[in-house]
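Written out below as structure tokens is the structure these notes cover.
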Amino acid sequence: MRNIKDEPNLNQKKILLRLDLNVPLSNGKITDTTRIDKILPTINFLLKNNAKIIILSHVGRPKGKVVNELSLKPVCETLKSKLNQDIKFISKNIKEVKSSDLFDTYDKRIVMLENLRFYEEEEKNDDVFAKHLASLADIYVNDAFSCSHRAHASIFEITKFIPSYAGLQLDIEINALSKITSEILRPVTCIIGGSKISSKINIIKNLISKFDNIIIVGGMANNILKYKGYEIGKSIQENNCNQIIQEIFSLSKKESCKIIYPEDVVVGKDLNGSPEVKELNNVSKNELILDIGPKTIKIINQLIEESNTILWNGPAGYFENPNFSKGSLEIAKKIVEKNNNNEIFSVAGGGDTVALLNSVGATSHFNFVSTAGGAFLEYLEGKELPGIKALN
């Protein structure tokens, strides 16, 4: 996979830069700029090398229709201020845009096209649409790792029609995930959360043979507690999981990987309720399990202490309510402490995990934090991502 840094001459070249600027929007305002901040080095690199940049991206799921609330215009305004650079926003129908329309003056450096998903051809991986996009530039750069699990026109098909490279951020993501899955410094521990164990079974199975410990927390852990015969009350759970859980324990025994799940929990009567620490055999039918308890935190922190590599995907509880955020915060605190002492290589990923780390200013204290959700998980599952395959 070639990195854009490998291209010897970028001077005055038109670069079609595919980014993931799918940031959270509320009433036209951006509530989290993490995805924008991460791609600034690639844009600055291209500007430094006197290239002209055509930004492609999407926001939300407009399903091939123009949805004004999902315009990229607010993103363009934020990017302008972060770069301190003028950006020409082109709202014209992309299918009618020509290369000669883009840079009307010599000093114009960056343009941004409107939301790619306003066009149904994008998600259909349409070759005519991809060929048209390619006709706008000299070089294509994919710096959208978080979209690279999608075989969409601007991610996959486009590489057939134009010289194509990885961006700086995509390269960093791939290297960080390769390091944690291939060049592991043991002992290695994975903390995995989320509500559905079935959606992460293949990831867990893929990691069992490579990791020493897999810690299952969040809603997923409720299924294990139920499987072990404990009452989980009104807690979030998934049906028909016994075979999946049996598979996990059977494979972990065979591969000598420890599976750790909560030994005590924090419950509430509802999501806004007061927290109460409970032993596993004391949970009532009218209670919700919303966090891990102090005993479990101690066990997890001890495993982090003994680890040289850590992967974290998914909070330990309902962290949106401070009453049930202690488990997640204590895990973050312990990893940060180890990381600050250069005693661990740490990678975190997934939207909720990133939101949690951002909320306590811990993001910069991890070796790598990925904003990708689906692509992050599919890479860990061992799947070949279409966007990466296309660049290769």
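Values as computed for the structure displayed
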quantity: Heavy-atom accessible surface of region 208-297: percent carbon and sulfur, 1.4 Å; calculated: 45
quantity: Positive dipole terminus of the chain, leading residue within Ala51, Ile310, Asn142 (C-beta point charges); calculated: Ala51
quantity: Listed residues Gly193, Ile180, Asn213: farthest to the positive end of the dipole of the chain (Cβ charges); calculated: Ile180
quantity: Set Lys258/Lys285; Lys48/Lys98; Lys82/Lys131; Lys14/Lys98 screened for pairs whose C-alpha atoms are more than 22 Å apart; calculated: Lys258/Lys285; Lys48/Lys98; Lys82/Lys131
quantity: Only Lys, Arg (+1) and Asp, Glu (-1) charged, at Cβ; the chain dipole about Cα centre in debye; calculated: 360
quantity: Mean accessible surface per residue for the chain, computed with a 1.4 Å probe while every protein chain stays in place, in Å²; calculated: 44
quantity: Cα-centre dipole for region 224-356 with unit charges at Cβ (Lys and Arg positive, Asp and Glu negative), debye to 20; calculated: 220
quantity: Qualifying aspartates and glutamates (Cα of each under 13 Å from Cα of Lys278; at least 8 residues distant if same chain); calculated: Glu231, Glu263, Asp264, Glu287, Asp291
quantity: Cβ crowding within 10 Å averaged over residues, with 49-58, 131-140, 266-275 ranked highest first; calculated: 49-58, 131-140, 266-275
quantity: Region 297-391: Lys pairs at Cα distance under 16 angstrom, eight or more positions apart or on different chains; calculated: 5
quantity: Carbon plus sulfur fraction of accessible area for region 1-43, probe 1.4 Å, in percent; calculated: 43
quantity: Listed residues Ile232, Val266, Leu116: farthest to the positive end of the dipole of the chain (Cβ charges); calculated: Leu116
quantity: Solvent-accessible area, 1.4 Å probe, carbon plus sulfur percent, for region 75-146; calculated: 42
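The values are calculated or read from the model by the stated rules, or taken from the named source; none is laboratory data. Note that this is a predicted model, so its numbers are computed, not measured. We place every Cβ from the backbone using ideal geometry, glycine too, and count neighbours over all the protein chains shown. For accessibility, only protein heavy atoms count, side chains too; no ligands or nucleic acids. Shrake-Rupley method; radii C 1.70, N 1.55, O 1.52, S 1.80 Å.
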